[in-house]
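Below is one structure, written out as structure tokens; the observations come after it.
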Amino acid sequence: MRIMHRKKEIRVLVVDDSKSFREMVVRNLSADPQIQVIATADDAFEARDKILKFDLDVLVCDVEMPRMNGLEFIRRLLPQYPLPVVMISDAQVGIEARKVGALDCVEKPTPRSMKTVENFMMELIQKIRLAAGAKNIAPKRNFASDLATSAVIESDQRQSNEQLIAIGASTGGTEAIFEILKELPANCPGIVIVQHIPPVFSKMFADRLDSQTSLRCKEAQTGDYLEPGGVYVAPGDQHMRIKRIGKKYRVEVFAGEKVNGHCPSVDMLFDSVAKEAGNRAIGVLLTGMGNDGAKGLLNIRRSGGFTIGQDETSSVVYGMNKVAYNIGAVAVQSALENIHHCILAALKE
């Protein structure tokens, strides 16, 4: 006989910058037998990491938060992670919250309001239960036309100059890279690419990108300096890394032993990007077999860079990018068709 297990708890993340209010909400929610507070966060950036880490049913989010308010947070969040949101706000802000995708709102009790904490919590619990059963919760908007919404959050405080984009891929990567680059503007920061590809074919690939995109693409050579609108593809039998020289990045290509079974290696490039560019870097790991690039992408993220991984559905092989996602290297996981939006959104900071 098959035993049916009923899901008893609604898994909730509570985001509020007031520690005392957050603790009060958590205490009261935890007393409800149907609700489990999985995690808390005091700002949007911490909330982003918790959303990536935990399997959640409902997000409870305050409007007033440091660095990024709740409205902007869910406006950017929902197109990528369509999670039911109950916003804590006043009545006027609640209208705007629903426009950007919140399912419902609860007015926050204040010394001047007639609402008591008990009534507030009863209403919040009821709306969390309703939100947990909601379907089709993504906001009704044209995703492709809004560049700022395709990333969960843009990497904070990245300098607009001295930025670079590093892309790694293997099986299925040539088409994936083309799909991204053809959508990027001619003035975007310099792009360095490691695609697992045989010698000779790397130059052919670079030439194709040069002729079919608005970017200036070439097979990389030692001594190249990254320039806006420039794309530098690693030769098929040499590693590639970058070196920061003043406010520019110099390319170095060299022969060497295989790393993770590959030359060129994505990890070799990404490790140098993490070291030399830090929070000015955007790292992108695409479809491919194996694990090359996963640790390097994690290093980019740990250095303050913004990281993107191609999702399983749009990947020819969900391998390298899967390993990266599993070890926490991916800040945003995205379908291939939306990755250029994620890049552009991250560049706005």
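The values are calculated or read from the model by the stated rules, or taken from the named source; none is laboratory data. Small disclaimer: the values here were computed from a predicted structure and weren't measured. In this analysis, Cβ positions are derived from the backbone assuming ideal geometry, glycine residues included, and neighbour counts consider all displayed protein chains. Accessible surface areas use protein heavy atoms only, side chains included; no ligands, DNA or RNA. Shrake-Rupley method; radii C 1.70, N 1.55, O 1.52, S 1.80 Å.
Measuring only protein heavy atoms, the 1.4 Å probe finds SER30 accessible over about 70 Å².
The label-point distance for SER18 and ASP90, in a model that sets each label 7 Å from Cα toward Cβ, rounds to 1.3 nm.
Summary of packing: across the peptides 32-44, 58-70, the per-residue average of other C-beta atoms within 10 Å ranks them, highest first, as 58-70, 32-44. For the stretch 274-349, averaging the sequence separation of C-alpha pairs within contact (under 8 Å, six or more residues apart) and dividing by the residue count gives a relative contact order of 33 percent. A cut-off under 11 angstrom between Cβ atoms defines the neighbours of THR222, and their net charge, with Lys, Arg +1 and Asp, Glu -1, is +1. Centre-to-centre, using Cα atoms only, the stretch 237-276 and the stretch 171-190 are separated by 19 Å. Heavy-atom accessible surface of ASP55, to the nearest 10 Å², is about 110 Å², with a 1.4 Å probe and all protein chains retained. The share of accessible area on the chain that comes from carbon and sulfur is 50 percent, using a 1.4 angstrom probe.
Sparsely packed loop sites in the stretch 258-349 (the trypsin sites (Lys or Arg not before Pro) outside DSSP H, G, I, E and B with at most 13 other Cβ atoms within 10 Å) comprise LYS258, LYS348. The amide H of GLU107, built 1.01 Å from its N in the peptide plane, has SER89 as neighbours under 5 Å, considering only residues 5 or more places off or on other chains. If R0 equals 22 Å, the separation of the Cβ atoms of ARG250 and ASN187 corresponds to a calculated FRET efficiency of about 0.60.
Here GLN212 and GLU9 are evaluated by their C-beta separation; at R0 = 41 Å the FRET efficiency comes out at 0.20.
When DSSP beta bridges are restricted to pairs lying wholly in the chain, around 15% turn out antiparallel. Taken per residue, the accessible surface of the chain reaches 46 Å², heavy atoms only and a 1.4 Å probe. Shape descriptor for the stretch 237-302: Rg over Rh equals 0.97 (Cα atoms; Rh from the Kirkwood inverse mean 1/r). Taking a sphere under 9 Å around the Cβ of ASP42 and counting the other residues whose Cβ falls inside, with K and R at +1 and D and E at -1, yields a net charge of -2. In the chain, the inverse of the mean reciprocal separation of distinct Cα atoms equals 21.4 Å; this is its Kirkwood hydrodynamic radius.
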